[in-house]
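Single-structure report; data block below.
Please treat every number below as a calculation from the coordinates, not as lab data. Just so it is clear, the structure is predicted and the values come from calculations on it, not from any experiment. Quick reminder, even Gly has a Cβ in these numbers, built from the backbone with ideal geometry, and neighbours come from all protein chains shown.
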Amino acid sequence: MSFPYQIQSFDHYLTEYKKSIDHPEKFWGEVAEHFVWKKKWDKVLEWNFKEPRVRWFEGAKLNITENCLDRHLADKADQPAIIWEPNDPTLPNRILNYRDLHGEVCRFVEVLKNNGVKKGDRVCIYMPMVPELAIAVLSCARMGAIHSVVFGGFSAQSIADRIEDAQCRIVITADGGNRGPKDIPLKATIDEALTKTSRIQKVIVFKHLGNTVNMQAGRDVWWQDEAKKITSTDSRAESMDAEDILFILYTSGSTGKPKGVVHTCAGYMIYTTYTFVNVFQYKPGDIYFCTADVGWITGHSYTIYGPLSAGATTVMFEGIPTYPDAGRFWNIIDKYGVNIFYTAPTAIRSLMGFGTDPLKDKKLESLRVLGTVGEPINVEAWHWYDEHIGRGRCPIVDTWWQTETAGIMISNLAGISQGKPSYATLPLPGVIPLLVDEKGLPVAGSDAGKDGVFHPGAKGEPVSGNLCIRFPWPSIIRTTYGDHERCRLNYFATYPDLYFTGDGAFRDAEGNYRITGRVDDVLNVSGHRIGTAEVENAINMYPDVVESAVVGYPHDIKGQGIYAYVILQSGHANQGGEKEGVSKMVNKVIGAIAKPDKIQFVSGLPKTRSGKIMRRILRKIAEGEMDNLGDISTLTDPGVVEEIKAGRL
Ligand code: WT7
């Protein structure tokens with residue numbers, strides 16, 4: 001058997017789950033035996049959620065790229081590791097087998113070293129979806145530098161903030177990237193970002209589009225020129241401690257600027273590989289296609305690390321689902337014989353809108369497993385995916401997880417456990433979900449077991465609550481970079497001894513979880529996580545703005561749309577292009593993904609006597625639930641509610 005830890009049946013899942021809960025150290029220790037270590041661990045797990053402090057595989061030495069690359073050279077050197085599909089389907093694709101990828105990574109490690117990068121340095125990566133993005137990420141990991149990938153849609157200001165927070169000294173970028181009909185001027189955005197921070201000493205630029213870019217002498221070098229200089233490589237991978245930082249990835253919270261979520265080497269490797277193999281039921285030889293950009297956690301864990309560690313062939317697609325037409329994903333599936341396809345509900349909903357015409361000449365026969373991630377999938381989209389893409393014969397895994405969890409936490413296992421439309425269903429082995437009320441008490445009826453935990457396979461009453469996790473899994477967030485207290489406050493302080501996810505959930509009588517969405521001020525727009533406070537801060541930077549409040553509302557394609565209520569100094573009409581101005585400001589400060597869908601100018605905001613904005617009311621109005629606003633008598637100016645209702649967009 002290729003993966004001794006691969007779950008074979010539902011009963012097997014139940015016994016593995018039980019073992020993982022009763023004897024977590026034994027369970028994960030046994031999984032870890034099937035990986036390559038430079039030195040084995042002294043202790044599998046040490047933890048407390050108070051500080052918090054979580055250490056997995058303490059004492060072990062490893063390099064994750066030896067698992068992702070070197071160990072496959074013996075039997076998979078000629079097997080494609082990465083199949084790259086360009087944005088423009090008429091251009092040649094690229095296929096890197098494991099030997100090629102290993103060689104490219106070893107070479108780029110030398111480039112990084114030649115450019116002054118040392119173990120422990122933070123490296124900002126701002127690249128399009130090209131194989132060099134994976135090469136850059138893996139090269140950092142191989143030499144022990146910490147990568148901080150910034151999604152190509154973020155603004156210069158966002159990049160500068162992230163560079164400052166992580167104290168990066170080097171940036172890896174490209175001249176530009178393609179997304180559908182658009183050219184994305186990545187290098188120009190980096191140039192602008194570097195006017196806002198002076199930390200960066202070197203910029204390595206991959207020539208991808210061949211467009212003219214400004215190269216600053218002494219600072220900027222071409223990837224290709226640097227790579228040519230390397231005549232021999234030291235193929236040894238740096239020896240890393242299990243708990244050394246592998247990467248930082250910034251994500252939005254309910255307050256302040258995005259925080260740098262920190263993941264470490266060993267636990268991340270074990271958990272992403274374990275979940276990849278089990279959730280998708282990966283079989284050697286499968287062609288796997290995850291559509292997520294590497295700028296997000298899904299791209300880290302399930303485009304690069306998980307699949308490569310399992311020795312899979314991973315498809316990397318540069319473009320968008322609707323270019324040159326809405327059949328693009330399906331063409332790629334047929335072109336490469338994709339067996340496992342993993343995408344976001346927002347993509348499915350947007351493609352549904354084109355009807356079945358783009359599917360007419362598509363075979364889709366190679367597909368065996370479908371997956372979704374990033375946001376709740378509505379029942380209608382689930383059925384469309386099942387019927388038109390899976391042709392009724394492919395299990396759909398609805399995978400719930402987060403940047404902070406780094407790997408899939410709640411999901412059915414393809415063909416092993418039953419899917420249920422709009423339900424993520426059951427926890428992975430090692431994951432102990434707990435639904436709690438506002439006070440942190442397990443919700444009534446949730447206690448199927450003596451320990452207050454509902455075990456898969458048990459029967460209970462349907463309940464709802466705030467979703468927490470009671471025990472550490474190997475890839476749990478370790479800290480928020482440079483500010484451990486923020487990590488504690490955000491995730492471990494709401495409910496003592498629990499990790500709080502920020503999500504609400506419903507559990508049915510069979511123990512299946514249905515994620516109902518965020519219960520904090522975090523929005524999920526097209527599967528992208530955006531903090532309302534961040535958007536408000538950006539809006540407030542527009543000169544004429546006095547105050548603003550941002551809420552989410554249901555959006556047919558994006559899942560959630562962004563609704564902004566804005567008070568202007570000059571009154572509340574859109575006389576001088578203020579709407580465009582506010583929108584442009586958000587684009588400039590955060591990036592296009594955070595631009596409000598609706599901007600309503602108002603003369604005041606509903607506030608309590610203590611000056612707190614009543615978001616609940618604003619949310620209800622944005623959702624169109626005007627008759628059901630609850631008690632508004634405690635507001636300082638109840639009249640403003642009528643005005644806002646009347647002006648609703
Ligand atoms: C938030 C995390 C998971 C990687 C991509 C997003 C929502 C995620 C699901 C799902 C319902 C989901 C949650 C979560 N979410 N997956 N299958 N069903 N909601 O990672 O940007 O860290 O966002 O996405 O609200 O908290 P992220």
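Couple of notes before you dig in:
- Residues whose amide H lies under 5 Å from that of M316, counting only those 5 or more places away or on a different chain, are I83, W84, E85; hydrogens are built 1.01 Å from N in the peptide plane.
- Prolate/oblate/rounded label for the range 455-542 (Cα gyration tensor, a/c 1.5): oblate
- The orientation-averaged shadow of the Cα convex hull for the range 126-179, equal to a quarter of the hull surface, comes to 3.8 nm².
- For S633, S301, S417, order by how many other beta-carbon atoms lie within 10 Å, fewest first: S633, S417, S301
- Cysteines in the chain that, by Cβ-Cβ distance, have no pairing candidate under 4.7 Å: C68, C106, C140, C265, C290, C394, C468, C487
- Net charge of Cβ neighbours under 14 Å - reference K26; Lys, Arg +1; Asp, Glu -1: -2
- The chain, relative contact order in percent, only Cα pairs under 8 angstrom and at least six apart counted: 12
- Each of T298, T195 was scored by other Cβ atoms within 10 Å of its Cβ. Arranged with the fewest first, they read T195, T298.
- The range 595-611 and the range 14-42: distance between their alpha carbon centers, rounded to Å: 51
- Electrostatic bookkeeping for N412 treats Lys and Arg as +1 and Asp and Glu as -1; over the other residues with beta carbon under 11 Å from its beta carbon, the sum is 0.
- Pairs of C-alpha atoms in the range 149-300 farther apart than 23 Å represent 52 percent of all such pairs.
- CD proxy at 222 nm, helix term only [per DSSP H run n ≥ 4: -39500 (n - 2.57); per residue of the chain; nearest 500]: -7500 deg cm²/dmol
- Taking Lys and Arg as +1 and Asp and Glu as -1, the other residues whose beta-carbon sits under 11 Å from that of V117 total +4.
- Based on the reciprocal of the average 1/r between different C-alpha atoms, the Kirkwood radius for the range 1-145 equals 18.2 Å.
- For the range 380-404, the residues whose backbone nitrogen is under 19 Å from a point 7 Å from the Cα of K360, taken along Cα to Cβ, are 388-389.
- Inter-part distance where the range 511-589 and the range 178-208 are each reduced to a Cα centre, Å: 26
- Distant-in-sequence amide contacts of L568, defined by a placed amide H-H separation under 5 Å and a gap of 5 or more residues or a different chain, comprise V546, V602.
- Along the axis of the charge dipole computed for the range 325-475 (Cβ charges of +1 for Lys and Arg, -1 for Asp and Glu, origin at the Cα centre), the listed residues G392, S366, A344 are led at the positive end by S366.
- Screening the chain for whole DSSP H helices of 20 Å or more along their axis (Cα) with average Kyte-Doolittle hydropathy at least -0.5 returns 98-114, 265-279.
- Ordering of 369-376, 137-144 by packing is 137-144, 369-376, highest average first (other Cβ atoms within 10 Å, averaged per residue).
- The range 90-210 shape via C-alpha gyration tensor axes, a/c threshold 1.5: oblate
- A convex hull fitted around the alpha carbon atoms of the range 309-400 yields 106 Å³ per residue.
- Dipole axis of the range 532-601 (+1 Lys, Arg; -1 Asp, Glu on Cβ), positive-most option in H555, V566, F601: H555
- Our summary of shape: the Cα atoms of the range 530-646 have principal axis extents of 39, 34, 25 Å, ordered from largest down, in whole angstrom.
- Alpha-carbon gyration tensor eigenvalues x 5, square-rooted, for the chain, Å: 36, 32, 25
- The range 354-485 - Rg (one decimal) and Dmax (whole number), Cα, Å: 17.9, 55
- Here's how it looks for I287: its modeled amide H is under 5 Å from those of N339, I340, which are all 5 or more places away or on a different chain.
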